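J.: Before we start, here is the structure in question, set down as structure tokens.
The values are calculated or read from the model by the stated rules, or taken from the named source; none is laboratory data. Bear in mind that the values here come from a model prediction, so they are computed numbers and not experimental data. Neighbour counts are summed over all protein chains in view; Cβ atoms, including those assigned to glycine, are modelled from backbone coordinates with ideal geometry. Surface accessibility is based on the protein's heavy atoms, side chains included, excluding ligands, DNA and RNA. Shrake-Rupley method; radii C 1.70, N 1.55, O 1.52, S 1.80 Å.
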Amino acid sequence: MACLAPAPGTRLMLETSAGRFTGTIGYVGPIKGSNGVWIGVDWDDPKRGKHDGTHNDIRYFSCRLRNSQSASFIRPSISGLSYGKPFLEALNEKYIDHTLVEEGKVEQVVLGSSQGAILVEAPKLSQVRQRLSNLGKLRFVSLDGEGVCSSGGIGSIRGRLDNVIHLDLSCSLIPTWEEILIITSQLPKLQTLLLNHNRLIIKDSLSHEFSPCPQLQELHLNDTLITQVELSYVQSWFPNLRGLQLGKNFIQTLNIAGSSGYRLLEELNLDSNVINDWTMLMLVLRNLPALRCLLVPRNEINAVNYPGSNDISSTNFTNVKQLSLSENQISDWHSIDALAVWLRNLEDLSIQDNPITSPAVKHYRPLIIARIPSLVVLNGSLISQNERKDSELFYLADIVRTPDDPAMRTQNHPQWRHLIEKYGAPDETRRAAVTDTLAGRTFELFVQKLGRVPIRERGEVSKTPLFSVKVLPSMTPKMLRLKIVKLGKIKAEKNSTVRLWAILRDRDSTASSDAVMREMDDPSKPLEYWGLDSGCGIGFLIDR
């Protein structure tokens, strides 16, 4: 069954030797100075484009993304061009078994990652196909990249997919939200809907009144260039969302304040946008009382300012326990202190690859832990009770070492009073002693590269280590591994792991270089558990 003839707004797919490309038709007709009919396409991948819809100073159409060079012209007769197929046709092609296999013969399939080079035997594959062919039993349906261009009409799939709870329509050729709503209205148990890498629009007037889809709980709209207007519609169509992904949409501001449809939202993913104002983000999100997980990595936030008296109350953000700010531009400690004020119950923070967590900033981990008392996990690594104590004592010593006016300490270090109540105030006259005592808790390990997996528990401390690291006894092998990889500029291949061995001096041996080797295969145990102290070694091996 063919889709509608090409017209502006129609989606298309072009198969080329360089790959598969999808786009939206912006113009069909002649081009000045050239014969015949041309199709002007706004490509989803801007790298495919050559201009902004203007040719020889004549504008034929505009790209959806402003200031984008994602447009080009193609001929309607170009090889590899298609306009897709209706939902049910794509579903049948993928899930209905039309394959006839000779009795007793083992079927072979192409290994997906081999680019067609490897064939593997797949016994009983026909039985799997037969089970999938019963559409009424399907619970998970993926038509990602299958060229779906329309719903097929109201009622076309009603009663056929009543058990589907998860539907992936990413990279489709569906042009409008209306077609999406026709599909979801016929799936009574649908809970998760993936619409990533689409370019959906809302018609000026929907041709059908759609009831809300109250059962949908998770919606993925990454790389869809969704607008604020469309977001307001989404909350009315799907009023009970728990999870919403809006990554890669060039979002700078959000306008969902007061949207009752988002009041049940628990997780919001804003990865890879252009948000640069933390306070704006918080003021918008304070109307989401159920929010517990906020992901804002790879944006443009350079500071977290303290909330004003009207910005926050005791009931705002009390449920937010997980936050990702990785790969932003945060560079000052006041931002860390402000996070503890905005998000008083924050337990899990990811803040890698910011200026404040760069290798040039010494001891950033203990200083972050001490400044946010509610933290349980930092950058994916669990904070033990011993590490928290070490971090807070280290922070106290750091505060005392700075010659601030004591009256200004509470202002400059909001956790100061809490920490002196917990540990007692350091003696100002013994400032250097306090610092030296805490500095004495750190010790030096010598790092060496192993040529192979040790076959026995005896080894030797290298006389020419690659480098050394200073660590606290409470550090975990996971954190030590990250530190070694970063300081040693170790580039591990994909799917490889860096294994660590503790190289302990053998006190029963007369040779100073003799050592006992233990693989550090439990990432949760602190370094002191493995018997490491000053002068010991760490051996690492890249296991492929």
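J.: For the structure I just gave you, tell me whether SER34 is part of a loop (DSSP other than H, G, I, E, B), of a type in the set (Gly, Ala, Ser) and under 28 Å from GLU179 (Cα atoms).
T.: So SER34 does not fit the description; no.
J.: Further question on the same structure: Taking the conditions exactly as written (modelled with pLDDT of 90 or more, outside any loop (DSSP other than H, G, I, E, B), open to solvent by less than 90 Å² (accessible area, probe 1.4 Å) and more than 30 Å from SER17 (Cβ to Cβ)), does LEU88 satisfy them or not?
T.: Taking the combined requirement at face value, the residue satisfies it.
J.: Looking at (1) touching a residue at least 12 places away in the same chain (Cβ under 8 Å); (2) in a loop (DSSP other than H, G, I, E, B), find the lone condition where ALA360 falls short.
T.: Going through the list (1) touching a residue at least 12 places away in the same chain (Cβ under 8 Å); (2) in a loop (DSSP other than H, G, I, E, B), ALA360 breaks only (1).
J.: Has region 114-130 got at least one residue that is at pLDDT 85 or above, of a type in the set (Lys, Arg) and not in a strand (DSSP E or B)?
T.: no
Here is a yes/no grid of residues against (1) outside any loop (DSSP other than H, G, I, E, B); (2) at negative phi; (3) acidic (Asp, Glu); (4) modelled with pLDDT under 55:
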position: GLU421; (1), (2), (3), (4): yes, yes, yes, no
position: ALA432; (1), (2), (3), (4): yes, yes, no, yes
position: ASP436; (1), (2), (3), (4): yes, yes, yes, yes
position: VAL447; (1), (2), (3), (4): yes, yes, no, no
position: GLY451; (1), (2), (3), (4): no, yes, no, no
position: ILE455; (1), (2), (3), (4): no, yes, no, no
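J.: Exactly one condition in (1) open to solvent by less than 40 Å² (accessible area, probe 1.4 Å); (2) under 22 Å from ASN249 (Cα atoms) is false for LEU65; which is it?
T.: So the condition that LEU65 fails would be (1).
J.: Looking only at region 203-239, how many residues end up being loosely packed, with under 15 Cβ neighbours inside 10 Å and either at pLDDT 90 or above or of a type in the set (Lys, Arg) (or both)?
T.: 3
J.: Now, a different point. Name every residue in region 162-190 that is open to solvent by less than 10 Å² (accessible area, probe 1.4 Å), in contact (Cβ under 8 Å) with a residue 40 or more places away in the chain and part of a loop (DSSP other than H, G, I, E, B), in order of residue number.
T.: Of everything in region 162-190, those that are open to solvent by less than 10 Å² (accessible area, probe 1.4 Å), in contact (Cβ under 8 Å) with a residue 40 or more places away in the chain and part of a loop (DSSP other than H, G, I, E, B) turn out to be SER170, SER172, LEU173, ILE174.
Residue by residue, here is whether (1) open to solvent by less than 40 Å² (accessible area, probe 1.4 Å); (2) over 26 Å from TYR529 (Cα atoms); (3) in contact with a strand residue (DSSP E or B) (Cβ under 8 Å, 6 or more places away or on another chain) holds:
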position: SER335; (1), (2), (3): yes, yes, no
position: HIS363; (1), (2), (3): no, no, no
position: ILE368; (1), (2), (3): yes, no, yes
position: ASP390; (1), (2), (3): yes, no, no
position: ALA397; (1), (2), (3): yes, no, no
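To keep it simple, each residue is scored yes or no on (1) in contact with a Pro (Cβ under 8 Å, 6 or more places away or on another chain); (2) not β-branched (Val, Ile, Thr).
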| residue | (1), (2) |
| --- | --- |
| ASN302 | no, yes |
| TYR306 | no, yes |
| SER326 | yes, yes |
| ASN345 | no, yes |
| VAL361 | yes, no |
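J.: Another question, if that's okay. Being modelled with pLDDT under 95, in a loop (DSSP other than H, G, I, E, B) and of a type in the set (A, V, I, L, M) is the filter; apply it to region 281-318 and report the residue that is surrounded by the fewest Cβ atoms within 10 Å (Cβ to Cβ).
T.: Per the criteria, the residue is ALA290.
J.: Let me spell it out: the conditions are (1) farther than 13 Å from LEU254 by Cβ; (2) touching a Ser or Thr at 6+ places or on another chain (Cβ under 7 Å); (3) modelled with pLDDT of 95 or more, and LYS321 meets all of them except one. Which number is the exception?
T.: All conditions are met except number (2).
J.: If you take the residues in region 473-490 that are outside any helix (DSSP H, G or I) and open to solvent by less than 40 Å² (accessible area, probe 1.4 Å), which one is nearest to ALA360 (Cα to Cα)?
T.: The residue in question is GLY488.
Here's the yes/no breakdown for (1) open to solvent by 60 Å² or more (accessible area, probe 1.4 Å); (2) modelled with pLDDT under 85; (3) closer than 25 Å to ASN386 by Cα; (4) not polar (S, T, N, Q):
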| residue | (1), (2), (3), (4) |
| --- | --- |
| PRO426 | no, yes, yes, yes |
| ALA492 | no, yes, no, yes |
| ASP506 | no, yes, no, yes |
| PRO526 | no, yes, yes, yes |
| ARG544 | yes, yes, no, yes |
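J.: If we scan region 6-26, do we find a residue that is closer than 24 Å to GLU146 by Cα, assigned to a loop (DSSP other than H, G, I, E, B), open to solvent by less than 40 Å² (accessible area, probe 1.4 Å) and of a type in the set (S, T, N, Q)?
T.: yes
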